[in-house]
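Worksheet for the structure shown next.
The values are calculated or read from the model by the stated rules, or taken from the named source; none is laboratory data. Keep in mind that this is a model prediction, so the values were computed, not measured. Cβ sites come from the backbone with ideal geometry, for glycine too, and all protein chains shown count toward neighbours.
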């Protein structure tokens, strides 16, 4: 089954890239040449870098090699997605543009007019009739003299000039040009040389527009990630929250994804943004890193600067189990965060619990809701940190009031939100499941391409509201 799926995925990938090469390079050139070869090298080389970046990250290749491959490889992943979408959208524009150009060319063609031939007028016709028909002008001088009065005696007759030996220039033909063969018409440039056919011109316009749209989209989406997440504020009322806790602020940050692309500078932006909100509590809900402590420990160092009245807490995400979860749990503890590994702490006005990610089950470290929530006082409000939104069903069964999650990235790259919606109960925002509310953050960073389209990164400040107030 795995082999069949792999072959199917490979077939789709090869077909999609052949289609890209055809529309961007083959259809925009008159024949085989350097442009087509360069296009094939760009597309093929881009995928070599992308696959290399993924393999290097997962296999723990030397960090310098990961950094060399990550930027071009992951950016090509994003660019190829939007090139494909833009070229497919261009299929709608292509026939419309072709018809528009065809109508314009028809309007510019000069109308064909017949050249009248003057009537032959007999030599003895009246002078007025000859003038009206232009007979005298068309008749040789000798015939004109014969038809009119004789010249005076004082006039001298000049001898006729000798015929020239040079052949007279052919008169311009008034016949219409021969019709063009079936297919796209070929126009000519002002200098008389052949211009690209209409089909070639349309292909170049559509391909150029598709490439510009894809590059612009990926460029703006990458800028949105690198500038750092924006703060989002959401008020969540809890029935069991005492009046004294009205306005309690929890800064929720997920999916920072420190990596060979997003390093220490990015972590510093995240920390500064969180601290600027002056929260009462900070919740880091998984997927902090994409790499080992050895490689990314220095990048995570700014987390030691997090400041909140009731401290900072951490739960694992699925990517921690790809990167050495036990080592990272110890590292974040060293940096001053408290890991909640299927554990709970009692804060002044509510309980804060945390469970491991589902990916930990392969290592015997999966989520344990009974351990984290089994013996708590159900009269107190409870806030649960759980990386994946699908864990909401267990949270409902254990009487949790509010679950804070991440994982989805909001889809990260549109239309990835459609895939995320199929795999998660909530992709982003606040929703209610029975007596339990679920809030899902889009995350602060990005996995793979450092790019977001239609799913801006965020750090959410949850402000708790008491229904007793």
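For residue 20, indicate whether it is outside the structural domain of residue 259 (by TED's automatic domain parsing), within 23 Å of residue 258 (Cα to Cα) and assigned to a helix (DSSP H, G or I). Write out each step before concluding.
Working: outside the structural domain of residue 259 (by TED's automatic domain parsing): yes; within 23 Å of residue 258 (Cα to Cα): no; assigned to a helix (DSSP H, G or I): yes.
No.
Residues checked against (1) over 17 Å from residue 60 (Cβ atoms); (2) surrounded by fewer than 24 Cβ atoms within 10 Å (Cβ to Cβ):
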position: 246; (1), (2): yes, yes
position: 258; (1), (2): no, no
position: 276; (1), (2): yes, yes
position: 287; (1), (2): yes, no
position: 299; (1), (2): no, yes
position: 308; (1), (2): yes, yes
position: 316; (1), (2): yes, no
position: 324; (1), (2): no, yes
Within segment 341-363, of all residues that are closer than 20 Å to residue 292 by Cα and over 36 Å from the mean Cα position of the chain (by Cα), the one modelled with the highest pLDDT is 341
So residue 59, is it free of Cβ contacts under 8 Å to residues at least 24 places away in the same chain and touching a helix residue (DSSP H, G or I) at 6+ places or on another chain (Cβ under 9 Å): no
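Just wondering, is there one or more residues in segment 44-58 that are more than 30 Å from residue 260 (Cα to Cα) and surrounded by 13 or more Cβ atoms within 10 Å (Cβ to Cβ)?
So the first thing to find is which residues in segment 44-58 are more than 30 Å from residue 260 (Cα to Cα), and the list is none.
Checked segment 44-58: no residue is more than 30 Å from residue 260 (Cα to Cα) and surrounded by 13 or more Cβ atoms within 10 Å (Cβ to Cβ).
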Quick test of your reading of the structure: residue 36 fulfils all but one of (1) in contact with a helix residue (DSSP H, G or I) (Cβ under 6 Å, 6 or more places away or on another chain); (2) touching a residue at least 24 places away in the same chain (Cβ under 8 Å); (3) within 20 Å of residue 197 (Cβ to Cβ). Name the failing condition by number. (2)
Suppose the filter is surrounded by 23 or more Cβ atoms within 10 Å (Cβ to Cβ) and either under 13 Å from residue 402 (Cβ atoms) or under 31 Å from the mean Cα position of the chain (by Cα) (or both); does residue 465 pass it? no
I need every pair where a residue in segment 193-206 that is within 11 Å of residue 97 (Cβ to Cβ) has its Cβ under 7 Å from the Cβ of a residue that is in a loop (DSSP other than H, G, I, E, B) and modelled with pLDDT under 65, sequence separation at least 6 or different chains. 198/184; 198/185; 199/184
Exactly one condition in (1) more than 19 Å from residue 405 (Cα to Cα); (2) surrounded by fewer than 13 Cβ atoms within 10 Å (Cβ to Cβ) is not met by residue 361; state its number. (1)
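Scan segment 29-46 for residues that are within 23 Å of residue 75 (Cβ to Cβ) and either under 20 Å from the mean Cα position of the chain (by Cα) or not in a helix (DSSP H, G or I) (or both) and report the count. Before the answer, list the steps.
Of all residues in segment 29-46, those within 23 Å of residue 75 (Cβ to Cβ) come to 35, 37-46.
If we keep only those that are either under 20 Å from the mean Cα position of the chain (by Cα) or not in a helix (DSSP H, G or I) (or both) too, we end up with 39, 42-46.
Selection size over segment 29-46: 6.
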Restricting to segment 271-284, what's the tally of residues that are within 29 Å of the chain's Cα centre (by Cα) and closer than 17 Å to residue 462 by Cβ? 3
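Each row is one residue, and each column tells you yes or no for (1) farther than 30 Å from residue 214 by Cβ; (2) part of a loop (DSSP other than H, G, I, E, B); (3) at pLDDT below 95; (4) not assigned by TED's automatic domain parsing to the domain that holds residue 338.
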{"residue": "375", "(1), (2), (3), (4)": "yes, yes, yes, no"}
{"residue": "439", "(1), (2), (3), (4)": "yes, no, no, no"}
{"residue": "447", "(1), (2), (3), (4)": "no, yes, no, no"}
{"residue": "461", "(1), (2), (3), (4)": "yes, no, no, no"}
Just to verify a result, which residue in segment 421-446, among those that are in contact with a helix residue (DSSP H, G or I) (Cβ under 6 Å, 6 or more places away or on another chain) and at positive phi, is surrounded by the most Cβ atoms within 10 Å (Cβ to Cβ)? 443
Mind telling me which of the residues 413, 418 ends up being more than 25 Å from residue 259 (Cα to Cα) and within 19 Å of the chain's Cα centre (by Cα)? 418
So residue 409 passes all but one of these: (1) closer than 19 Å to residue 236 by Cα; (2) in contact (Cβ under 8 Å) with a residue 60 or more places away in the chain; (3) buried (at least 17 other Cβ atoms within 10 Å of the Cβ). Which condition number does it fail? (1)
